[in-house]
Amino acid sequence: MKIQQLRNATILLELGQHRILVDPMLARQGALPPLRLFGARQRNPLVELPVEAGAALESVTHCLITHCRKGHFDHLDRAGAKWLRERQIPVICTPHDAEYLARRGLNVQPLLTDHERPGPFLGGRIRTIRCTHGRGLVGRLMEHGVGFLIEMPGEPSLYLAGDTLLTDAVRACVREHRPEVSVIPAGGARFDLGGDIIMGIDEVIEFARLSGETVVANHLEAISHCPVSRVALAEAAARAKVELLIPLDGEVLSF
């Protein structure tokens with residue numbers, strides 16, 4: 001299995017003959033609006049796609065979406081939708097998102113799974129894990145989406161956490177299924193009001209301790225409401241004496 005970090009939550013999974021693009025945000029730097037009204041009002045994304053993205057995208061056979069509604073352009077933006085539509089790449093998603101994506105002309109393939117049981121996935125199986133994308137008033141306004149636990153023959157089990165805080169559902173997934181590789185959001189994103197809407201440094205460290213397996217941190221240094229830097233996260237992990245992989249954009253991790 002290989003995981004290539006492209007930008008933010010956008011990654012490319014290599015699983016056997018399959019090349020799965022996850023949550024494509026493909027816009028040029030600065031093409032998307034700010035996500036805060038005060039303070040950091042930079043337009044998004046903050047950085048361009050890495051030079052390696054062009055060749056990586058040419059290999060894509062499928063797309064996997066964790067969530068996409070209510071303005072979540074950092075998981076599927078107009079450029080990403082256009083790219084998928086023009087190529088008619090099979091887009092795998094939850095039944096909840098299927099109609100929304102089909103209305104945009106995408107080649108939608110809803111999953112036959114829920115939070116209780118796994119379903120088929122490209123010769124293996126997949127299970128959805130509940131996300132909590134913020135709490136309180138902010139949480140009530142957000143689209144929460146799902147994470148995915150993917151098990152493929154001959155490959156490490158893989159947990160894509162999606163946009164979530166460290167919750168009882170996430171802890172239960174790690175304790176029960178013991179994923180060998182986890183990809184988690186680590187940017188500590190927040191709006192002008194309310195608390196974090198994804199894991200920040202403290203929760204990432206706690207997740208890594210709970211997992212005891214390989215943990216990959218992304219959702220870093222690409223969107224204006226994510227204050228955590230790669231350097232700050234690496235320094236915190238070193239102080240806590242936990243192992244974290246923090247790939248640069250374009251970097252490929254092999255397992």
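The values are calculated or read from the model by the stated rules, or taken from the named source; none is laboratory data. Model, not experiment: these values are computed from the prediction. All Cβ positions, glycine included, derive from the backbone under ideal geometry; neighbour counts span all protein chains shown. For the accessible areas, the whole protein counts, side chains as well, though only heavy atoms, and no ligand, DNA or RNA atoms are used. Shrake-Rupley method; radii C 1.70, N 1.55, O 1.52, S 1.80 Å.
For Gln29 and Lys82 in the same chain, what is the full-extension length gain: residue separation times 0.36 nm, less their Cα-Cα distance, in nm?
Values: separation 53, 0.36 × 53 = 19.08 nm, distance 1.68 nm.
That works out to 17.4 nm of additional length.
Basic side chains Lys and Arg get +1 at the Cβ, acidic Asp and Glu get -1 at the Cβ, and with that the dipole of the range 73-147 about its Cα centre reaches some 40 debye. Listed values for the range 15-31 are Karplus-derived 3J(HN,Hα) couplings in whole Hz (6.51 cos²θ - 1.76 cosθ + 1.60, θ = phi - 60°), namely 10, x, 7, 9, 10, 10, 7, 9, 6, x, 10, 10, 5, 5, 3, x, 7, and x replaces Gly and Pro. Probing with 1.4 Å while keeping every protein chain in the model, the per residue accessible area of the range 162-216 equals 38 Å².
Take the alpha-carbon positions of the chain, form their convex hull, and give its projected area averaged over all directions (one quarter of the hull surface) in nm². Kindly include the intermediate steps, with their values, before the conclusion.
Values: hull surface 49.7 nm².
Mean shadow area of the hull around the Cα atoms is 12.4 nm².
Once all protein chains are placed together, Val216 keeps about 0 Å² accessible to a 1.4 angstrom probe. The apolar share of the surface of the range 16-132, taken as the fraction of accessible area on carbon and sulfur atoms (1.4 Å probe, ligands and nucleic acids excluded), comes to 53 percent. Spherically averaged projected area of the convex hull of Cα atoms, the range 116-255: 8.9 nm². GNM remark for the chain: springs join alpha carbons under 10 Å apart, and the peak mean-square fluctuation among Pro45, Pro90, Pro33 falls on Pro33. What a 1.4 Å probe finds exposed on the range 214-255 is 56% carbon and sulfur by accessible area, rounded to a whole percent.
Dipole orientation for the range 165-216: of the candidates Gly187, Ala169, Ile201, Ala169 has the Cα lying most toward the positive pole (charges on Cβ; Lys, Arg +1; Asp, Glu -1).
The packing ranking, built from the mean of other Cβ atoms within 10 Å per residue, places the peptides 3-9, 117-123 in the order 3-9, 117-123, highest first. Measuring from a point 7 Å past the Cα of Leu141 along Cα-to-C-beta, which residues in the range 163-200 have an amide N at less than 17 Å? Under cut-off, by backbone N: 189-198. Here's the picture: a label point sits 7 Å out from the Cα of Arg43 along the beta-carbon direction, and within the range 59-81 the residues with their amide nitrogen under 20 Å of it are 71-81.
Which whole-number percent is the relative contact order of the chain (Cα, under 8 Å, 6+ apart)?
Numbers: 593 pairs, mean separation 48.8, N = 255.
Worked out over the chain, it gives 19 percent.
Solvent exposure of the range 1-68 amounts to 40 Å² per residue of accessible area, where only protein heavy atoms count and the probe is 1.4 Å.
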